[in-house]
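I have placed the structure first, in the form of structure tokens, so that the comments after it can refer back to it.
The values are calculated or read from the model by the stated rules, or taken from the named source; none is laboratory data. Worth saying up front: this structure is predicted, and the values here are computed from it rather than measured. Cβ placement follows ideal geometry from the backbone for every residue including glycine, while neighbour counts extend to all protein chains displayed. Side chains are part of the model used for accessible areas, which takes the heavy atoms of the whole protein and leaves out ligands, DNA and RNA. Shrake-Rupley method; radii C 1.70, N 1.55, O 1.52, S 1.80 Å.
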Amino acid sequence: MSETAGPPKIFDRALLRRRWRRAMSKGAPDFLMTRAADDLLDRLLTVKREFPRALDLGSPNGHFAQAVIASGRPPPLRASAYAGDVIVDEEAPPFAPGSFDLIVSGMSLQWVNDLPGALAQARRMLAPDGLFLACLAGGASLVELRAALAQAEEEITGGASPRVSPFVDVRDMGGLLQRAGFALPVADIDSFTLRYDSMFALMQDLRAMGAANALAKRARKSLRRDIVARAAQVYAERFSDADGRVRATFEIVWASGWAPHESQQKPAKPGSAMMRLEDAMKSPREGDA
């Protein structure tokens, strides 16, 4: 009898760990984590709960932990594959069910091979009425870079290999949270554009962040120089402003959900409405108040 197949291996996680550790040791650019941590703080300040036991799962630096502290909560346990109080695999964290009242995660879960499984693990580790708040790179991130690389490689070689990692679509996130067992799931987007002197400056930032292509099925050979040169030309032609600088889209998808608890708001039972839908949809008659 054959064994049940596990999740597909999308990312080379050993390569990711090496790159991220090297990036962190060299002071990687942290503008994405800084922006996300500010957003996390705003979100936590709207929640009137203590959260005495918190976990920062997978965040590559201390920005999310500092946001939790700034919100008035105790310092979270930092656990990731890169650095922190505990070194763990985000896909299989070793914590017991119900260990935490709050779990936050910053710009890490986009690199797991089994996102539904990772979300289910987070739900398992939450105590009843515990909160999960995470952000990860969204599907529209780096659309310009993908388009330029694909066009250049197609023109020169007649085919294109995946050169930028796939990211989650916000339209799927709510369903994934629900599937993992979260109550009151919410997904939303922070989308913004940065400008660079050239495509090369953008790629340098990505490499410095440890965010270069880590697909398990990536092409093993580096891009040919003529393809890179043509991609930079395409990028400048299609995605530049009047001053010659190029645009780069970044999208941060936020996901939040609660561990179910009897005190939480419940959806209304079918048939409990006080007004029929067809009556609610009718336009007011002339002369009605």
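Take the residues in region 136-157 that are closer than 21 Å to residue 7 by Cβ and touching a Phe, Trp or Tyr at 6+ places or on another chain (Cβ under 6 Å); name whichever of them is surrounded by the fewest Cβ atoms within 10 Å (Cβ to Cβ).
By that ranking, first place goes to 139.
Filter region 37-56 down to residues that are within 30 Å of residue 201 (Cα to Cα) and buried (at least 24 other Cβ atoms within 10 Å of the Cβ), then give me how many there are.
Number of matching residues: 2.
Are any of the residues in region 113-135 modelled with pLDDT under 95, under 26 Å from residue 206 (Cβ atoms), in contact with a Phe, Trp or Tyr (Cβ under 9 Å, 6 or more places away or on another chain) and in a helix (DSSP H, G or I)?
no
Take region 158-168 and flag every residue that is touching a residue at least 40 places away in the same chain (Cβ under 8 Å) and open to solvent by 40 Å² or more (accessible area, probe 1.4 Å).
161, 162, 163, 166, 167
For region 26-54, what are the residues that are touching a residue at least 12 places away in the same chain (Cβ under 8 Å) and either over 27 Å from residue 141 (Cα atoms) or in contact with an Asp or Glu (Cβ under 7 Å, 6 or more places away or on another chain) (or both)?
29, 39, 45, 47, 49, 50, 51, 52, 53, 54
When you go through 164, 104 one by one, which is the residue that is assigned to a strand (DSSP E or B) and β-branched (Val, Ile, Thr)?
The unique qualifying residue is 104.
Which one of the conditions (1) at pLDDT 95 or above; (2) more than 14 Å from residue 146 (Cβ to Cβ); (3) part of a helix (DSSP H, G or I) does residue 172 fail to meet, given that it meets all the rest?
(1)
Filter region 63-87 down to the residues that are part of a loop (DSSP other than H, G, I, E, B), of a type outside the set (Phe, Trp, Tyr) and buried (at least 18 other Cβ atoms within 10 Å of the Cβ) and list them by number.
Hits for region 63-87 are 71, 73, 76, 81, 84.
Looking only at region 5-29, filter to residues that are surrounded by fewer than 17 Cβ atoms within 10 Å (Cβ to Cβ) and charged (D, E, K, R); which one of those is nearest to residue 91 (Cα to Cα)?
The residue in question is 9.
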